[in-house]
């Protein structure tokens, strides 16, 4: 497999163990990557900006080397080149780095082995009431307030 970074956008198919049929369709352009796959009959398209990727890394395979576009989530990492020639891998890494404005990284020091942490989501009701009012104690109930009956009302006028 060899993709040319000078002819972007590039479309190709790659293996995906979790997808139906074991394939996902990948489209790489200069500013975004689109991954299309179906999981349990549900088709999906995942749009990832190029600058969200950590960089380009070289992985060792059994008899060849693999050039990979590395993301924090390993399921979003994309293979770019499989070759046994080290010179070809180096040249392709420079070309892909220049085309996508990404650096060549060492995958051992990168955080590419762990998926991205879950984002904290804001609670829906939080936006309805100011936070200071959430900290205050509620007022007394109407039943507990004293009721004065049979008294004359005093009105002060100035």
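Quick note: the coordinates plus some simple rules give every number you see, no bench work behind them. Quick caveat, the model's predicted, so the values are computed rather than measured. For neighbour counting, all protein chains shown are included, and Cβ atoms are generated from backbone atoms with ideal geometry for every residue, glycine included.
Here the alpha carbons of segment 5-100 define both size measures, Rg and Dmax, at 13.5, 42 Å. A crude spin-label estimate for the pair residue 29 and residue 91, with each label 7 Å from Cα along the Cβ direction, gives 2.9 nm. When you work out D = kT/(6 pi eta Rh) for segment 59-107 at 25 °C and 0.890 mPa s, using the Kirkwood radius from C-alpha pairs as Rh and the Stokes-Einstein form, the result is 219 µm²/s. Mean sequence separation of contacting Cα pairs (under 8 Å, at least six apart), scaled by the length of segment 1-68, corresponds to a relative contact order of 19 percent.
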